[in-house]
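Nothing in this text is a laboratory measurement; each read-out follows from the coordinates by a stated rule. Worth saying up front: this structure is predicted, and the values here are computed from it rather than measured. Note: ideal-geometry Cβ built from the backbone for every residue, glycine included; neighbour counts use all protein chains shown.
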Number of protein chains: 2
Amino acid sequence: MPTPEEIRNIVHSYVEMMCKSDIDGILALYAEDATAEDPVGGEIQRGAEVLRNFYALTAPALQVELNGPICVAGRECAFLLLAELTMGDNKQYLDATDVFTFDDEGKITSMRAFWNPADLRPTR
Amino acid sequence: MPTPEEIRNIVHSYVEMMCKSDIDGILALYAEDATAEDPVGGEIQRGAEVLRNFYALTAPALQVELNGPICVAGRECAFLLLAELTMGDNKQYLDATDVFTFDDEGKITSMRAFWNPADLRPTR
């Protein structure tokens, strides 16, 4: 099981790779059969190929920054992100809490993102 | 399914009742067969009687305040708390992310708290 420090390092890498739209780098953090539920309550996407398509579509329009502590518990963690979404000349902002679960090798096995499209706002 | 506004109001009530150690008030927010996993990765506690004992033991030693936005997604939400834990003359502080799931009546069916005893610290 990854240590809390290892988990925090993975989250920092994830944020960095999201901001660079480094899709290979993001996928390397995930286990092969991982799932993503983004937003929570929506469709659960499974497997490296599906996640690659998901991030290839979403990451280029997103800048994210950590907006609080990374709360680690057991093999999971939760953290708050401030996301900046660019659509054409239009920027919108959103608060999201992401929850990651890790396997024994420190790969992400599930990602769940808590946010609501109705909460998009024009300012930080 | 509760609306995002209803979910946020329930979270505010939860924080208020935690600070008052209002155990009946806290339990009234929960469904009868709800579960609590606090911290995540620990034992899952189930049912009103078990949760009553859990809160009767923990709430009197805790003051909590919301420390960020309440991220609502579907029938779930996640939010960051700053917790102040009093043991005798000693105060310690902790960041925790709580995740609630709600039923159709707006009662909490599960609570998961992301924190780690190793992260207790002497200052806010």
Report summary line: With Rg from the Cα atoms and Rh as the Kirkwood inverse mean 1/r over Cα pairs, the stretch A:4-115 has an Rg/Rh of 0.93
Query raised in the report: So how strong a dipole does the stretch A:4-115 carry about its Cα centre when Lys and Arg Cβ are +1 and Asp and Glu Cβ are -1, to the nearest 20 debye?
Result: 180 debye
Query - Charged-residue dipole, Cβ positions (Lys, Arg, Asp, Glu), the protein assembly as shown about Cα centre, Debye nearest 20 - result: 500 debye
Report summary line: Computed over chain B: longest principal axis from alpha-carbon atoms vs helix B:48-58 long axis, angle to nearest 10 degrees, is 30 degrees
**Report entry** Shielding score for A:77-83, defined as the mean number of other chain Cβ atoms within 10 Å
**Finding:** 5
Query - Distances in nm from residue A:123 to the matching label points in the other copies, shortest first (labels 7 Å along Cα to Cβ) - result: 3.2
Report summary line: With Cα coordinates, the longest principal axis of chain A makes an angle with the long axis of helix A:4-20, in degrees rounded to 10, of 40 degrees
Requested in this report: Rounded to the nearest 500, what is the 222 nm mean residue ellipticity of chain B from helices alone, with -39500 (n - 2.57) per DSSP H run of 4+ residues and division by all residues?
Outcome: -8500 deg cm²/dmol
**Report entry** Selection from B:93, B:115, B:1, by position along the positive dipole direction of chain B (Cβ)
**Finding:** B:93
Requested in this report: Relative to the compact-globule scaling 2.2 N^0.38 Å, provide the ratio for the alpha-carbon radius of gyration of the protein assembly as shown.
Outcome: 1.02
Query raised in the report: Under the definition of partner shielding as Cβ atoms of other protein chains within 10 Å of a residue Cβ, what is the mean value for peptide B:94-106?
Result: 3
Requested in this report: Would you kindly work out, in nm and rounded to one decimal, the distances from the label point of residue B:87 to those of the same position in each other copy, ordered shortest first, with label points 7 Å along Cα-to-Cβ?
Outcome: 5.0
Query - Beta bridges per DSSP with both ends in chain A, % antiparallel, nearest 5 - result: 90 percent
